[in-house]
C-alpha cells in the first residue's frame, strides 16, 4: 500500500450465526482491538451452505473459518486459499446421543441413522475405521427438537451448544467427540493467498488482534455476550454462558499445554497426518506441499506473542481488558 494510504477493509466470514464460539473475534471488533492496530475488519455472518472457501477465494481481502480438512480440498480444487490461524486446536464436532442410548462408542453406530451433514469427511473416516456399513446419514434440521421427541435420534452436534438446548427441554445427553476417533483436524482461519503474499502485515495485524480478542473475551465475556444477544436474538444469556464455560473446560482455543498446544499453535506433523488420512479416504488425490495448505508465519510464536500470558503482558498490547 502507498505510504499514508488508508488500510483496506478485511472481510472476515465466520462459520455460523453469531455465537460465543466466535467470541474472540467479536471482542477484537467491538472493543476496538483491530482498530488500535490500524486495521479495518468487517465481520460477516456465515451459516449453512455458505461456501466460505469460495467466497474467500474470490475476495482479495477475504478471510474465513473452515475445518482443516476443507483447506486440503480447496487447494486441490485450485482455490487460492491458505490456513493462517489455528482457531480451535481441535475441531469440536461430535455425535450427541441420549444419556441412556445403547450407543456408547463409535463402533456402536452401525445400524443407526445419524442426523448430520451429508458427505462430511468425518463420516467417511468413522465408516472406514470402525466398519459401519449399516450406518446411515439423514439430513440435520438445525435444532434439537427431533432429539428431544425421539429417544432413538442421534445427531451431529457441538458440545458447546446442542447439549444445553436438549437439557433445557429436559433431555440429558452424552457426547462422542470426533477428535477422539483419530480424525482430529484443526478448525482454522483461511485467507486469500493474494492477501497473504501482497499484504502480510495486514494478516499479521489481523492475527495479533484475534489472539488479543480471545484473551479479552476469556477475561470478561459480558460485553461480547451482550453484543451477540443484540445481533443474534436466538442466543440466550444462559446458553451463551454454557458455551463459554464449555469452551474453557475443553480448552478449544488454548489447547492442551501437556502436549505442546497453545492458542494459535501450528503442528505441521498434524497437518501432514491429516493430508495422508484424506488421501487414504479418497477425499483428495494427493497430498500437496504443506506450505500451500498452511502458513506458520502468523502463529503467536512467529509474531513474538506468548499465548500463555494475559494480553497486558504482550508486546504492543493495545487493550487491557476489564477483569470480571
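Just so you know, all these numbers are worked out from the coordinates, no wet-lab data involved. Owing to the predicted nature of the structure, the values given are computational and were not obtained by experimental measurement.
Compute a Gaussian network model of the chain, connecting alpha carbons closer than 10 Å, and tell me which residue from 224, 137, 188 fluctuates the most.
Most flexible of the set in this elastic network: 137.
Helix 237-250 versus the longest principal axis of the chain: what is the Cα-based angle in degrees, 0 to 90, to the nearest 10?
Between the helix axis and the principal axis of the chain, the angle is about 90 degrees.
Once semi-axes √(5λ) of the Cα gyration tensor in Å is worked out from the coordinates, which option in [x] 35, 23, 16; [y] 57, 28, 15; [z] 32, 24, 17 does it equal?
Evaluating semi-axes √(5λ) of the Cα gyration tensor in Å on these atoms matches [z].
Could you grab the relative contact order for the chain? Cα pairs under 8 Å, six or more apart, rounded to a whole percent.
Relative contact order of the chain: 27 percent.
Would you kindly work out the equivalent ellipsoid of region 94-181 from its C-alpha gyration tensor and give its semi-axes, the square roots of five times the eigenvalues, largest first in whole Å?
Its equivalent ellipsoid spans semi-axes of 20, 13, 12 Å.
When the chain is fully extended, how far beyond the present Cα-Cα distance does residue 251 get from residue 197, taking 0.36 nm per residue of separation?
Between residue 251 and residue 197, full extension yields an extra 16.3 nm.
Would you mind checking the tilt of helix 121-130 against the longest principal axis of the Cα atoms of the chain, expressed as 0 to 90 degrees and rounded to 10?
40 degrees
Normalised radius of gyration for region 1-94, please: alpha carbon Rg relative to 2.2 N^0.38 Å, two decimal places.
Taking the Cα Rg and dividing by 2.2 N^0.38 Å, one obtains 1.15.
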